[in-house]
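Enquirer: What follows is a structure written as structure tokens; I'll ask about it next.
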Amino acid sequence: MKIGIVGCSGRMGQMLVSAVLAAPTAGLSGGTEREGSPSLGLDVGKPLGISTGLIVSSDPTRLFEDSDTVIDFTSPASTRVHAELALKTKTALIVGTTGLSAQDEALLHGAAQSVPVVYAPNYSVGVTLLSMLVERAAAALADDYDIEIVEMHHRHKVDAPSGTALGLGRAAAKGRNVVLDQVWQKTRDGHMGARPQGEIGFATLRGGDVVGDHSVIFAGDGERVELTHKASNRSVFAKGAVRAALWTKDRAPGLYTMVDVLLA
């Protein structure tokens with residue numbers, strides 16, 4: 001399977017390139033960067049100290065045309081363009097971009113009418129399992145168990161709460177058969193009064209070089225249940241994304257998640 005990487009020269013992009021090259025049934029079809037990037041014209045594998053024979057381009061259309069699947073861990077603005085290209089070229093798309101708006105997600109739904117699209121806030125197999133456990137725990141515990149989602153990332157992360165934390169919140173809300181944005185509390189400051197029953201709270205920590213720590217706490221009277229995942233290396237996200245890309249081979253059009261990939 002031919003896999004392309006958009007944003008191939010960044011930290012995550014290079015991990016994706018490495019993961020594709022290491023996958024026995026995958027082949028790297030190319031990589032792109034934004035206009036003005038100093039990586040343009042260089043070998044896709046140069047930051048890794050290897051030669052792939054593929055040159056970093058600023059033309060995503062050509063990359064989509066040359067690929068069976070494209071992996072996108074970029075920005076909402078870029079992902080909007082890539083969703084339209086996936087639809088136009090009938091190329092499967094793997095999206096790990098966080099901070100997408102409802103309108104952005106609508107574009108992914110549109111592309112998924114014609115091609116397989118995997119969209120997940122986190123491609124770690126461990127986080128995927130955590131999400132499944134959170135949904136089941138939320139369904140099993142009554143809403144007198146307060147739910148708090150605590151996440152910590154490195155100082156450079158720009159969005160908060162993290163996409164993974166929000167994904168875990170959606171899993172908890174699904175388990176309780178409620179809509180997350182009707183019960184969430186993403187910030188607390190000043191005199192807010194007592195916590196409402198059924199609220200799903202978020203706490204965001206930033207600092208150092210933390211790759212990603214997420215805990216979901218079910219706090220009841222007299223006991224707490226805590227489910228936690230800690231990532232120590234970003235390579236787990238890249239390996240999961242390549243696993244999802246390979247999974248799209250001969251897959252029917254649709255919008256999928258990493259849960260679909262893991263349970264296949």
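Enquirer: Only counting other Cβ atoms within 10 Å, I'd like Met258, Met152 sorted with the fewest neighbours first. It would help to have the intermediate numbers written out before the result.
Expert: On the way: Met258 28, Met152 20.
Final ranking by Cβ density, sparse to dense: Met152, Met258.
Enquirer: Ser101 to Ala22: extension gain in nm, 0.36 nm per residue of separation minus the Cα-Cα distance? Kindly include the intermediate steps, with their values, before the conclusion.
Expert: Values: separation 79, 0.36 × 79 = 28.44 nm, distance 3.32 nm.
That works out to 25.1 nm of additional length.
Enquirer: Based on other C-beta atoms within 10 Å, arrange Asp250, Asp59 from fewest to most. Spell out each step's value before the answer.
Expert: Numbers: Asp250 6, Asp59 11.
Ranked by crowding around the Cβ, least crowded first: Asp250, Asp59.
Enquirer: Enter the angle in degrees (range 0 to 90, nearest 10) between the Cα long axis of helix 235-247 and the first principal axis of the Cα atoms of the chain, meaning the one along which they spread out most.
Expert: Once rounded, the angle reads 70 degrees.
Enquirer: Apply the Karplus parameterisation 6.51 cos²θ - 1.76 cosθ + 1.60, with θ equal to phi minus 60°, to every residue of segment 111-121 and state each ³J(HN,Hα) to the nearest whole Hz, in sequence, with x for glycine and proline.
Expert: In residue order, the calculated couplings are 5, 5, 6, 10, 9, x, 10, 9, 10, 9, x Hz.
Enquirer: With a point put 7 Å past each Cα toward its Cβ, work out how far Asp181 is from Asp66 in nm, to one decimal.
Expert: 3.9
Enquirer: When Lys and Arg each count +1 and Asp and Glu each count -1, what net charge do the other residues less than 9 Å away from Asp146, Cβ to Cβ, add up to? Intermediate results must be reported in sequence, preceding the final value.
Expert: Details: positive: Arg195; negative: Asp143, Asp144, Glu148, Glu199.
Charge balance near Asp146 sits at -3.
Enquirer: Using alpha-carbon positions, what is the distance between the centroids of segment 107-130 and segment 32-66, in Å?
Expert: Using only Cα atoms, the two centres lie 24 Å from each other.
Enquirer: What are the ³J(HN,Hα) couplings of segment 159-172, residue after residue, when phi is run through the Karplus curve with 6.51, -1.76, 1.60 and θ = phi - 60°? Round to Hz, x for glycine and proline.
Expert: In residue order, the calculated couplings are 9, 8, x, 5, x, 5, 4, 5, x, 5, x, 5, 5, 5 Hz.
Enquirer: Quick check on the chain: helices-only [θ] at 222 nm, where DSSP H runs of length 4 and up contribute -39,500 (n - 2.57) each and the sum goes over total residues. Nearest 500, please.
Expert: Details: 9 runs with 96 residues, N = 264.
For the chain, the value works out to -11000 deg cm²/dmol.
Enquirer: Also, quick follow-up: Suppose we take every Cα in segment 142-204 and form the convex hull; what volume per residue is that in Å³? Present the calculation step by step, with values, prior to reporting the outcome.
Expert: Values: hull volume 5.4 nm³, N = 63.
Measuring per residue, one finds 85 Å³ for the Cα hull of segment 142-204.
Enquirer: Looking at (1) 1.04; (2) 1.00; (3) 0.95, which value of Rg/Rh (Cα atoms, Kirkwood Rh) comes from a calculation on the structure shown?
Expert: So the calculated entry is the one marked (2).
Enquirer: Of Lys46/Lys249; Lys2/Lys90; Lys2/Lys249, which ones are farther than 18 Å apart at the Cα? Don't jump to the answer; show the numbers that get you there.
Expert: Values: Lys46/Lys249 28 Å; Lys2/Lys90 14 Å; Lys2/Lys249 10 Å.
From Lys46/Lys249; Lys2/Lys90; Lys2/Lys249, over 18 Å: Lys46/Lys249.
Enquirer: Would segment 143-251 count as rounded, prolate or oblate if I go by the C-alpha gyration tensor, calling it rounded below 1.5 in a/c and otherwise prolate when a/b exceeds b/c, oblate otherwise?
Expert: Numbers: a/c = 2.13, a/b = 1.51, b/c = 1.41.
Taking the square roots of the gyration eigenvalues as a ≥ b ≥ c, segment 143-251 is prolate.
Enquirer: Would you mind ranking Lys249, Lys239 so that the residue whose beta carbon has the fewest other beta carbons within 10 Å leads the list? Numbers along the way, then the final one.
Expert: Details: Lys249 12, Lys239 20.
Sorted ascending by nearby Cβ count, the order is Lys249, Lys239.
Enquirer: Applying the Karplus parametrisation 6.51 cos²θ - 1.76 cosθ + 1.60 with θ = phi - 60° to the phi angles of segment 178-190, what ³J(HN,Hα) value in whole Hz is obtained for each residue in order, glycine and proline being reported as x?
Expert: 10, 9, 4, 6, 9, 10, 7, 9, 8, 9, 9, 7, x
Any read-out appearing in this document is the output of simple, stated calculations on the displayed coordinates, not a laboratory observation. Remember, predicted model here, so these are calculated numbers, not experimental data. When we count neighbours, we look across all protein chains shown, and the Cβ atoms used for this are built from the backbone with ideal geometry, even at glycine.
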